[in-house]
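**Q** Pasting in a structure now, in structure tokens, and then I'll have a few things to ask.
The values are calculated or read from the model by the stated rules, or taken from the named source; none is laboratory data. Just so it is clear, the model here is predicted, and its values are computed rather than measured. Don't worry about glycine lacking a Cβ; one is built from the backbone with ideal geometry, like all the others, and counts go over all protein chains shown. Each accessible area value is taken on the protein alone, full model and side chains, heavy atoms only, with ligands, DNA and RNA left out. Shrake-Rupley method; radii C 1.70, N 1.55, O 1.52, S 1.80 Å.
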Amino acid sequence: MTGIRLTAPAPGWAIDADVVVVGSGVAGLTAALRCAAAGLDTVVVTKARLDDGSTRWAQGGIAAALGEGDTPEQHLDDTLVAGAGLCDEEAVRTLVTEGPDAVRRLIDTGAHFDTTDGGDIALTREGGHHRRRIAHAGGDATGAEISRALVDAVREAALHTIENALVLDLLTDAEGRTAGVSLHVMGEGQHDGVGAVRAPSVVLATGGMGQVFSATTNPSVSTGDGVALALRAGAEVSDLEFVQFHPTVLFLGADSEGQQPLVSEAVRGEGAHLVDADGVRFMLGQHELAELAPRDIVAKGITRRMHERGAEHMYLDARHFGAAMWEQRFPTILAACRSHGIDPVTEPIPVAPAAHYASGGVRTDLRGRTTVPGLYACGEVACTGVHGANRLASNSLLEGLVFAERIAADIAEVRRATLALDTVRSTSSSPYSRTRTYLPRSGLRVLLPVRTVRPVRILWAGPSRRSRSTRCNSTIR
């Protein structure tokens, strides 16, 4: 292996927990809240402040089959098409089937979505969707509202949080099983310097890696820390080459670097047009959905037209919206454009593609388990197989919700099994004196009484792809 490995001092402090969640976006905070609700001692570690991750920058919304006439099957079809034939269909079906109820639980947690005059959730369209199924909040501030609701819930539940902390490495026991994380607290707080959180379950929810590109929509904290940690721990990663470029990012100049303002796909969903300097709608004829084709197709279409015209950018024209619609439906984007001297009400918006989302990541199964026992991953850091080669618009927040809940359920199940075993072991007169060793779904090697074997799922074959569209998850009864 090439490269330089930097070493840190030995931990100067340590705390114990049942679960440590690394990251504080929709995936991390949902996992933490569900674990805490299951009675697990949960610690949240985040590199900056609780609300500084990618979630709060999400504009468009969250996709789910919530509208009249829409179905999970239709959502499945759109997702598979966008993924260019490389999605794991079972993972996608899990996402779209469990998604609507996951959104409703998010609302119960305190998130407020925009509604129609009749009180129903207002839905819009985005690229690759054949129906209006994108729920949004604050017009174009969906991520900010979701982050607010989850952060408030975490604080109300008084979860132990460690902010301004860079997680360094996974801690493992002699058998290679997860035992916690080491971390370096870089700001003021209860802890300082290098320390450790000891826990048998670790959930990686560290977000993406957009900052490795010169121009990205990702915030400064999105530097791929979670994937790097998983690789050092020996976990498998998959599909890292599938980095999605968002087609419409505000063009601030060829030399502009770092986080760039996003112009949500929902703007096109409400009727904006992509045009060149002559006002020609160049996406017409390139795809049946024109400007609302899947993101990879639109990004390629923009890039192709830029090369043909020798231009640095194209334009998004939504002048026909009028001032009232811009101010009500897209206030965040309107303010961002105006802060850079562009008024979408009176002029087209200069746009160009930029790095946006990592469709690959740490490989997991349908319960969020990685190939390292006790290590889980969800959200953008994970590769669940949902996105294939190209993520469908607004599936990211939904994936974070659905798979975070699945992870919490799995950790709670493992914890219950462990406590039951402890009870059996502590009862010396137990009639279940003969025992055998089994490997439950968590990968934790335990002893089970022989007479309890039949109703218990006793073998997990682990996350395995025989192809990009199938998974192996075997059990013996």
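**Q** I'm told residue 165 meets every condition in (1) over 20 Å from residue 197 (Cα atoms); (2) crowded, with 21+ Cβ neighbours inside 10 Å except one. Can you identify the failing condition by its number?
**A** Tallying (1) over 20 Å from residue 197 (Cα atoms); (2) crowded, with 21+ Cβ neighbours inside 10 Å, residue 165 fails exactly one: (1).
**Q** So, residue 417, is that one small (Gly, Ala, Ser), free of Cβ contacts under 8 Å to residues at least 40 places away in the same chain and either crowded, with 24+ Cβ neighbours inside 10 Å or not in a loop (DSSP other than H, G, I, E, B) (or both) or not?
**A** Values: small (Gly, Ala, Ser): yes; free of Cβ contacts under 8 Å to residues at least 40 places away in the same chain: yes; either crowded, with 24+ Cβ neighbours inside 10 Å or not in a loop (DSSP other than H, G, I, E, B) (or both): yes.
So residue 417 passes the test.
**Q** Next question. Looking only at the range 343-369, count every residue that is assigned to a loop (DSSP other than H, G, I, E, B), among the β-branched types (Val, Ile, Thr) and in contact with a His (Cβ under 8 Å, 6 or more places away or on another chain) and tell me the total. I'd like the intermediate steps shown before the answer.
**A** Residues of the range 343-369 that are assigned to a loop (DSSP other than H, G, I, E, B), as a first pass: 343-348, 359-360, 364-368.
Then drop every residue that is not among the β-branched types (Val, Ile, Thr), which leaves 345-346, 364.
Of the ones still in play, those that are also in contact with a His (Cβ under 8 Å, 6 or more places away or on another chain) are none.
Number of matching residues: 0.
**Q** How about the range 105-125: which of its residues are surrounded by 15 or more Cβ atoms within 10 Å (Cβ to Cβ) and touching a Phe, Trp or Tyr at 6+ places or on another chain (Cβ under 8 Å)?
**A** 121, 122
**Q** Please determine, by comparing only the residues of the range 326-342 that are touching a residue at least 12 places away in the same chain (Cβ under 8 Å) and of a type outside the set (Val, Ile, Thr), which one is farthest from residue 271 (Cα to Cα). Quick ask: steps written out before the conclusion?
**A** First pass over the range 326-342, keeping only residues touching a residue at least 12 places away in the same chain (Cβ under 8 Å): 326, 328-333, 336-337, 340, 342.
Now restrict to residues that are of a type outside the set (Val, Ile, Thr): 326, 328-331, 336-337, 340.
Values: 326: 12, 328: 15, 329: 12, 330: 13, 331: 16, 336: 20, 337: 18, 340: 23 Å.
Only one residue tops the list, namely 340.
To keep it simple, each residue is scored yes or no on (1) free of Cβ contacts under 8 Å to residues at least 60 places away in the same chain; (2) under 30 Å from residue 235 (Cα atoms).
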position: 128; (1), (2): no, no
position: 140; (1), (2): no, no
position: 150; (1), (2): no, yes
position: 171; (1), (2): yes, yes
position: 179; (1), (2): no, yes
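**Q** Restricting the search to the range 55-75, which residues are assigned to a loop (DSSP other than H, G, I, E, B) and open to solvent by 40 Å² or more (accessible area, probe 1.4 Å)?
**A** Restricting attention to the range 55-75, the residues satisfying the condition of being assigned to a loop (DSSP other than H, G, I, E, B) are 58-61, 64-71.
Listed by number, the residues that qualify are 66, 68, 69, 71.
**Q** Next up: Provide a single number: the residues in the range 29-45 that are assigned to a loop (DSSP other than H, G, I, E, B) and open to solvent by less than 10 Å² (accessible area, probe 1.4 Å).
**A** Of the residues in the range 29-45, the ones assigned to a loop (DSSP other than H, G, I, E, B) are 38-41.
Right, trim to open to solvent by less than 10 Å² (accessible area, probe 1.4 Å) and you get none.
Counting residues in the range 29-45 that are assigned to a loop (DSSP other than H, G, I, E, B) and open to solvent by less than 10 Å² (accessible area, probe 1.4 Å) gives 0.
**Q** Filter the range 225-274 for residues that are in a strand (DSSP E or B), open to solvent by 10 Å² or more (accessible area, probe 1.4 Å) and of a type in the set (A, V, I, L, M, F, W, C) and give the result.
**A** Let us first name the residues in the range 225-274 that are in a strand (DSSP E or B), namely 237-238, 243-250, 258-259, 262, 273-274.
So of that shortlist, the ones also open to solvent by 10 Å² or more (accessible area, probe 1.4 Å) come out as 237-238, 243, 245, 258-259, 262, 273.
Scanning the range 225-274 gives 237, 243, 245, 262.
**Q** Here are 364, 303, 332, 346: which of them is closer than 29 Å to residue 239 by Cα, open to solvent by 10 Å² or more (accessible area, probe 1.4 Å) and either at pLDDT below 95 or among the hydroxyl-bearing types (Ser, Thr, Tyr) (or both)?
**A** Working: 364 fails: open to solvent by 10 Å² or more (accessible area, probe 1.4 Å); 332 fails: closer than 29 Å to residue 239 by Cα; 346 fails: closer than 29 Å to residue 239 by Cα.
Answer to the selection: 303.
**Q** Something else now. Restricting to the range 190-222, name every residue that is assigned to a loop (DSSP other than H, G, I, E, B) and open to solvent by 60 Å² or more (accessible area, probe 1.4 Å). Before the answer, list the steps.
**A** Looking only at the range 190-222, we keep the residues that are assigned to a loop (DSSP other than H, G, I, E, B), and these are 190-192, 199-200, 205-209, 213-214, 217-222.
Of everything in the range 190-222, those that are assigned to a loop (DSSP other than H, G, I, E, B) and open to solvent by 60 Å² or more (accessible area, probe 1.4 Å) turn out to be 190, 192, 200, 213, 214, 220.
**Q** Just checking, does the range 10-24 include any residue being under 30 Å from residue 119 (Cα atoms) and open to solvent by 70 Å² or more (accessible area, probe 1.4 Å)? Walk me through how you get there before you give the answer.
**A** Applying the first criterion (under 30 Å from residue 119 (Cα atoms)) to the range 10-24 yields none.
So far as the range 10-24 goes, no, none of its residues is under 30 Å from residue 119 (Cα atoms) and open to solvent by 70 Å² or more (accessible area, probe 1.4 Å).
**Q** Tally the residues that are surrounded by fewer than 19 Cβ atoms within 10 Å (Cβ to Cβ) and under 12 Å from residue 344 (Cβ atoms), restricting the search to the range 318-329.
**A** Just the residues of the range 318-329 that are surrounded by fewer than 19 Cβ atoms within 10 Å (Cβ to Cβ), to begin with: 319-320, 322-325, 327-328.
Right, trim to under 12 Å from residue 344 (Cβ atoms) and you get 319-320, 322-323, 325, 327.
Residues meeting the conditions: 6.
**Q** Only one of 78, 108 is touching a His at 6+ places or on another chain (Cβ under 8 Å), acidic (Asp, Glu) and part of a helix (DSSP H, G or I). Can you tell me which?
**A** Selected residue: 78, the only one of 78, 108 that is touching a His at 6+ places or on another chain (Cβ under 8 Å), acidic (Asp, Glu) and part of a helix (DSSP H, G or I).
**Q** Going by what's in this entry, would residue 136 be described as under 30 Å from residue 267 (Cβ atoms) and either open to solvent by less than 40 Å² (accessible area, probe 1.4 Å) or without any contact (Cβ under 8 Å) to a residue 40 or more places away in the chain (or both)? Show your work before the answer.
**A** Numbers: under 30 Å from residue 267 (Cβ atoms): yes; either open to solvent by less than 40 Å² (accessible area, probe 1.4 Å) or without any contact (Cβ under 8 Å) to a residue 40 or more places away in the chain (or both): yes.
Yes.
**Q** Looking at (1) closer than 30 Å to residue 251 by Cβ; (2) in contact with a strand residue (DSSP E or B) (Cβ under 8 Å, 6 or more places away or on another chain); (3) open to solvent by less than 50 Å² (accessible area, probe 1.4 Å); (4) assigned to a loop (DSSP other than H, G, I, E, B), find the lone condition where residue 128 falls short.
**A** Of (1) closer than 30 Å to residue 251 by Cβ; (2) in contact with a strand residue (DSSP E or B) (Cβ under 8 Å, 6 or more places away or on another chain); (3) open to solvent by less than 50 Å² (accessible area, probe 1.4 Å); (4) assigned to a loop (DSSP other than H, G, I, E, B), only one is false for residue 128: (2).
**Q** Do you know which residues across the range 208-229 are under 20 Å from residue 182 (Cα atoms) and in contact with a Lys or Arg (Cβ under 9 Å, 6 or more places away or on another chain)?
**A** Of the range 208-229, the ones under 20 Å from residue 182 (Cα atoms) are 221-229.
Matches in the range 208-229: 221, 223, 225.
**Q** From the set of residues in the range 376-390 that are open to solvent by less than 10 Å² (accessible area, probe 1.4 Å), part of a loop (DSSP other than H, G, I, E, B) and not polar (S, T, N, Q), which is nearest to residue 28 (Cα to Cα)?
**A** The selected residue is 378.
**Q** If you don't mind, another one. Look at the range 88-104 and say how many of its residues are touching a residue at least 40 places away in the same chain (Cβ under 8 Å) and open to solvent by 10 Å² or more (accessible area, probe 1.4 Å).
**A** Counting residues in the range 88-104 that are touching a residue at least 40 places away in the same chain (Cβ under 8 Å) and open to solvent by 10 Å² or more (accessible area, probe 1.4 Å) gives 4.
**Q** A further question follows. Taking the criterion of being on the phi > 0 side of the Ramachandran plot and either open to solvent by 20 Å² or more (accessible area, probe 1.4 Å) or assigned to a loop (DSSP other than H, G, I, E, B) (or both), would at least one residue in the range 397-412 satisfy it? Break it down into steps so the answer makes sense when it comes.
**A** Narrowing the range 397-412 to residues on the phi > 0 side of the Ramachandran plot: none.
No; the residues of the range 397-412 include none that is on the phi > 0 side of the Ramachandran plot and either open to solvent by 20 Å² or more (accessible area, probe 1.4 Å) or assigned to a loop (DSSP other than H, G, I, E, B) (or both).
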